[in-house]
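Engineer: The structure is given below, and queries will be raised subsequently.
The values are calculated or read from the model by the stated rules, or taken from the named source; none is laboratory data. Just so it is clear, the model here is predicted, and its values are computed rather than measured. No Cβ is skipped: glycine too gets one built from the backbone with ideal geometry, and neighbour counts run over all protein chains shown.
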């Protein structure tokens, strides 16, 4: 076994020596040994010590930048948001309100909202935000409870207010002259104990932990508010997208009605065959299905936004403005990441977790450290009647007396040995503090990843807007030419149907790109805490100025009822 180990070590050292000689010879010959690899690795060596990866400069520390115990600004926490006059009647209902009649949940009003109104309502009505505000008050109460450790305690104790004692005792007459005694007595006594802990090792760390918990609750409130506002804007953008989807569905359905009208007219005139009529009917069915899906998406988007805004039961929200590009993001990716590190509450909350666990560790050690208290005990006793009177004598209830005593002193307590419990709890909380440091690194990386994802999605959506814009324009022109060719008799209905379907799909992709762009823009704004959005005037290409498509607006769409699924398969037979 020794020989095998020795031979393996010799082979290993020879391999290292061969690799070093090969590297030196390759460098001397001007060749790169990593040239055959797709990406050259960054090696920490003397030749690339100027690279950022190999820099020995001290990295900035979060505790030096933020402080070991960051403090939230009270001005950022609003107990009650002020609503505009037109929004006052839209405050959330009472928490325990539960409708019990169908009329109470019937939608009676469609209310349009702007983006600013959505942000106001979500701040004023959200139950999650109200719950976070109550958690701040709870943490504040716990902090005040911990601060009371600095104050003396006053304890009033009374054994009888009053108490009546009636007894009879007997003793062996061989050992006592008066072997029978009686007691009949009213008695009242009480004491006041004032105690003040002069030395209490657990007091300071417990107050520090409660204070950090209070600050963490405030940061949690701000993070919840940021998340809710972003969620509300996301739901608003989805509502705008669904509104535009309904408009596209109606426009496509009108185009299908025109196509089936022309196809039937040409079929009756003998200029077209039955296949073209069937193709037009097939496209009409597809567009009906498209419109039905868009209307359903619109209905769901409205109720989702109503839930986020906690609107009254009889009101359903609508978008006050159509879907448009909000603007352009002015900050760079690097500026956005640094701004997110400075603004995000999760960073400060993670630092507070470290401080809380360190304070809990110090409080755990306090259980085996000495405490010193100053106390003052004032006792008083009053009695009326007599006690232990011989049976042959009568008890005089007019006999009374009282005593008063006052004691002042110092008391000390030191739990010298507890079996190692305090040290074990100390190590536990220190390990929790180390875990909080690791979680801080994960939080930092997650924040950067969120910003980078939103920034990347914003760039992709910007490119998608450009490409889908050209696609919509080209599809609209293709449809116009296909209609002209169909009317001239040089094209069939299939060409018109295909171009119409392409136009509908292109407009849907165009609106999806704008929705994704606005969502990414809102994410960057809320995840970085900066407002670097430059407004722009964007032209919506989904609205056509073509005379050939403007005439579709005048074509009425008859409402089609909801058919039960069990009867849907019999419709074609009845027709």
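Engineer: Do we find a residue being part of a helix (DSSP H, G or I) and either at positive phi or at pLDDT 70 or above (or both) anywhere in region 70-85?
Structural biologist: So the first thing to find is which residues in region 70-85 are part of a helix (DSSP H, G or I), and the list is 74-76, 85.
Applying the additional criterion that residues be either at positive phi or at pLDDT 70 or above (or both) yields 85.
There is at least one residue in region 70-85 that is part of a helix (DSSP H, G or I) and either at positive phi or at pLDDT 70 or above (or both).
Matching residues to (1) buried (at least 19 other Cβ atoms within 10 Å of the Cβ); (2) at pLDDT below 95; (3) part of a strand (DSSP E or B):
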| position | (1), (2), (3) |
| --- | --- |
| 342 | no, yes, no |
| 347 | yes, yes, no |
| 350 | yes, yes, no |
| 367 | no, yes, no |
| 375 | no, yes, yes |
| 385 | yes, yes, yes |
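Engineer: Considering every residue within region 139-151, establish whether at least one is part of a helix (DSSP H, G or I), touching a strand residue (DSSP E or B) at 6+ places or on another chain (Cβ under 8 Å) and buried (at least 19 other Cβ atoms within 10 Å of the Cβ).
Structural biologist: If we filter region 139-151 for residues that are part of a helix (DSSP H, G or I), which is where we start, we get 139-150.
Subsequent filtering for residues that are touching a strand residue (DSSP E or B) at 6+ places or on another chain (Cβ under 8 Å) retains 149.
Filter once more, so that each one left must be buried (at least 19 other Cβ atoms within 10 Å of the Cβ): none.
No, because not a single residue in region 139-151 is part of a helix (DSSP H, G or I), touching a strand residue (DSSP E or B) at 6+ places or on another chain (Cβ under 8 Å) and buried (at least 19 other Cβ atoms within 10 Å of the Cβ).
Engineer: For the structure I just gave you, tell me whether residue 511 is within 38 Å of the chain's Cα centre (by Cα), outside any loop (DSSP other than H, G, I, E, B) and over 17 Å from residue 265 (Cα atoms). If you could, list the steps in order and put the result at the bottom.
Structural biologist: Working: within 38 Å of the chain's Cα centre (by Cα): yes; outside any loop (DSSP other than H, G, I, E, B): yes; over 17 Å from residue 265 (Cα atoms): yes.
So residue 511 passes the test.
Engineer: Within the set of pairs 6 or more residues apart or between chains, which connect a residue that is under 20 Å from residue 115 (Cα atoms) inside region 210-233 to a residue that is modelled with pLDDT under 95 and not in a helix (DSSP H, G or I) with Cβ atoms less than 6 Å apart?
Structural biologist: So the pair list comes out as 228/126.
Engineer: Shifting gears a bit: Show the residue pairs that are 6+ apart or on different chains and have beta-carbon atoms under 8 Å apart, the first residue being within region 412-435 and on the phi > 0 side of the Ramachandran plot, the second being surrounded by fewer than 12 Cβ atoms within 10 Å (Cβ to Cβ) and at pLDDT below 95.
Structural biologist: none
Engineer: Which residue pairs have Cβ atoms closer than 8 Å, lie 6 or more positions apart in sequence or on different chains, and pair a first residue in region 526-538 that is without any contact (Cβ under 8 Å) to a residue 12 or more places away in the chain with a second residue that is surrounded by 10 or more Cβ atoms within 10 Å (Cβ to Cβ)?
Structural biologist: Once the first residue is without any contact (Cβ under 8 Å) to a residue 12 or more places away in the chain and sits in region 526-538, its partners that are surrounded by 10 or more Cβ atoms within 10 Å (Cβ to Cβ) give 531/525.
Engineer: Which residue out of 541, 563, 473 is surrounded by fewer than 20 Cβ atoms within 10 Å (Cβ to Cβ), modelled with pLDDT under 85, over 14 Å from residue 251 (Cβ atoms) and more than 35 Å from the chain's Cα centre (by Cα)?
Structural biologist: 563
Engineer: What about residue 321, is it farther than 30 Å from residue 64 by Cβ, surrounded by fewer than 16 Cβ atoms within 10 Å (Cβ to Cβ) and in contact with a strand residue (DSSP E or B) (Cβ under 6 Å, 6 or more places away or on another chain)? So that I can check it myself, show each step before the final result.
Structural biologist: Numbers: farther than 30 Å from residue 64 by Cβ: yes; surrounded by fewer than 16 Cβ atoms within 10 Å (Cβ to Cβ): yes; in contact with a strand residue (DSSP E or B) (Cβ under 6 Å, 6 or more places away or on another chain): no.
For residue 321, the condition - farther than 30 Å from residue 64 by Cβ, surrounded by fewer than 16 Cβ atoms within 10 Å (Cβ to Cβ) and in contact with a strand residue (DSSP E or B) (Cβ under 6 Å, 6 or more places away or on another chain) - is not met.
Engineer: If we scan region 319-328, do we find a residue that is under 26 Å from the mean Cα position of the chain (by Cα) and in a helix (DSSP H, G or I)?
Structural biologist: no
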